[in-house]
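Heads up: the structure comes next, in structure tokens.
No value in this document is a laboratory result; all are computed from the given coordinates. Predicted model only: the values in this text are computed from it and were never measured. Note that each Cβ is placed from the backbone with ideal geometry, even for glycine, and that neighbours are counted across all protein chains shown.
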Ligand SMILES: Cc1cc2nc3c(=O)[nH]c(=O)nc-3n(C[C@H](O)[C@H](O)[C@H](O)COP(=O)(O)OP(=O)(O)OC[C@H]3O[C@@H](n4cnc5c(N)ncnc54)[C@H](O)[C@@H]3O)c2cc1C
């Protein structure tokens, strides 16, 4: 089946059709702006059993949430195409109305008056064999996303950086069976360790050699992971907690000249390549907005949807101002032409 043809120009092209991109596109489409969302179809939470902590849609499958967003957008006249944006560049000259050339990997091209970058990032996990296979099912990172599902079960926190005590403190809220695996992480501050141990948190020294699933369903069964230590010892827990680093692809932002930054949380780099935005998502480059994990890598689904909507609203206003200015200029030209006759 050949890929759908694109219009020659859209008011806005949105890169990425997760919650952020779709919410931004819906906000624009509801204001009758022409919107194209290009989506490569790999949201960060794809391996998870459901979207949690999302008011009113608790536990919805990630793919169902995206499908519902796409359907809503179509109802307001917006378009989603599956594909990957390969390049973006400013195609208008100085003093001309802003235009951006958009090229997809499959060769399709179009032009946008404005861009919304909502391409999020990729989770890079600590290099422990077996960890990536269980990501999102039995290897978890976010207690606000999965804490309730883990409640009362044995949780092992894999220490790889300075966030370990923070993570153990949060997971201790939902389980009184928390183990810290010292692995490659720095020593936990003695006072913090003392507090955690007083609350029943156990510390296991030594590097982790591998993790593997225990028998049982892969998702939704409460987990089950065997943790093998380099020493030859092993322990069994329901879930492992690991910190990922979110890597945001900078190829597109670099070509546009958009400012990006690394995001540090408690002294460790939690994300690289995050787009620097103002409170409504405007980037350092005129006509380019960003929302979602591309700009706020730690934000969860409701937060990115809000950011997308806010960016869509701000872009609508920006386009409306440009349209009014163009209309006024056209009237002025007619008047000047009349006066010259
Ligand atoms: C394992 C896991 C579980 C999670 N669970 C929860 C949870 O329970 N509740 C919660 O609120 N949050 C959860 N999160 C966080 C949640 O995934 C993010 O907040 C959310 O996905 C961010 O939305 P987004 O629209 O910014 O990006 P994404 O949802 O990641 O969507 C970005 C989209 O852009 C596409 N894309 C990338 N590059 C391009 C390109 N060049 N061209 C076109 N498309 C492109 C991607 O393929 C993807 O489809 C979880 C995260 C992980 C990793």
Fill in: Protection proxy ranking, peptides 323-336, 286-299, average beta carbon neighbours within 10 Å, highest first
286-299, 323-336
Fill in: Tilt relative to the chain, helix 301-340 - C-alpha long axis, 0 to 90 degrees, to 10
10 degrees
Item to complete: Obtain the nm distance between the two label points defined at residue 176 and residue 254 by a simple spin-label model: each point lies 7 Å from its Cα along the Cα-to-C-beta direction.
Response: 5.2 nm
Discussion item. I'd like the antiparallel share, as a percent to the nearest 5, of DSSP beta bridges with both residues in the chain.
Written reply: 45 percent
Discussion item. Quick check: convex hull of the Cα atoms in region 130-213, volume per residue, rounded to a whole Å³?
Written reply: 87 Å³
Discussion item. With only alpha-carbon pairs counted, each pair once and no self-pairs, how large is the Kirkwood hydrodynamic radius of region 188-341 in angstroms?
Written reply: 20.8 Å
Worksheet, complete the sentence: Computed from the beta carbon distance with a Förster radius of 30 Å, FRET efficiency for residue 8 and residue 57 to the nearest 0.05 stands at 0.25
Worksheet item: Relative to the compact globular guide of 2.2 N^0.38 Å, what is the alpha carbon radius of gyration of region 211-285, as a ratio?
Response: 1.72
Fill in: Antiparallel content of DSSP bridges confined to region 126-241, in %, to 5
40 percent
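Can you give the percent of C-alpha pairs in the chain whose distance is more than 37 Å?
Numbers: 17076 of 57970 pairs.
That fraction is 29 percent.
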Discussion item. How far apart, in nanometres, would the label points at residue 247 and residue 105 be if each is projected 7 angstrom from Cα along the Cα-to-Cβ direction?
Written reply: 1.5 nm
Item to complete: Would you calculate a helix-derived [θ] at 222 nm for the chain, using -39,500 (n - 2.57) for each DSSP H run of n ≥ 4 and dividing by the full residue count, to the nearest 500?
Response: -9000 deg cm²/dmol
Worksheet item: Against the longest alpha carbon principal axis of the chain, how many degrees, from 0 to 90 and to the nearest 10, is the axis of helix 62-75 turned?
Response: 10 degrees
Discussion item. I need the calculated FRET efficiency for the pair residue 264 and residue 337, taking r as the beta carbon distance and R₀ as 41 Å, to the nearest 0.05.
Written reply: 0.10
Fill in: Crossing angle, helix 19-30 versus the chain [Cα axis fit, 0-90 degrees, rounded to tens]
30 degrees
Practice prompt. Tell me the label-point distance for the pair residue 122, residue 187, using the 7 Å Cα-to-Cβ offset, in nm and rounded to one decimal.
Written response: 3.7 nm
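Over region 1-130, what is the percentage of antiparallel beta bridges among all DSSP beta bridges, to the nearest 5? Display every interim value, and only then the final one.
Working: 10 of 24 bridges.
Of all bridge pairs located within region 1-130, approximately 40 percent are antiparallel.
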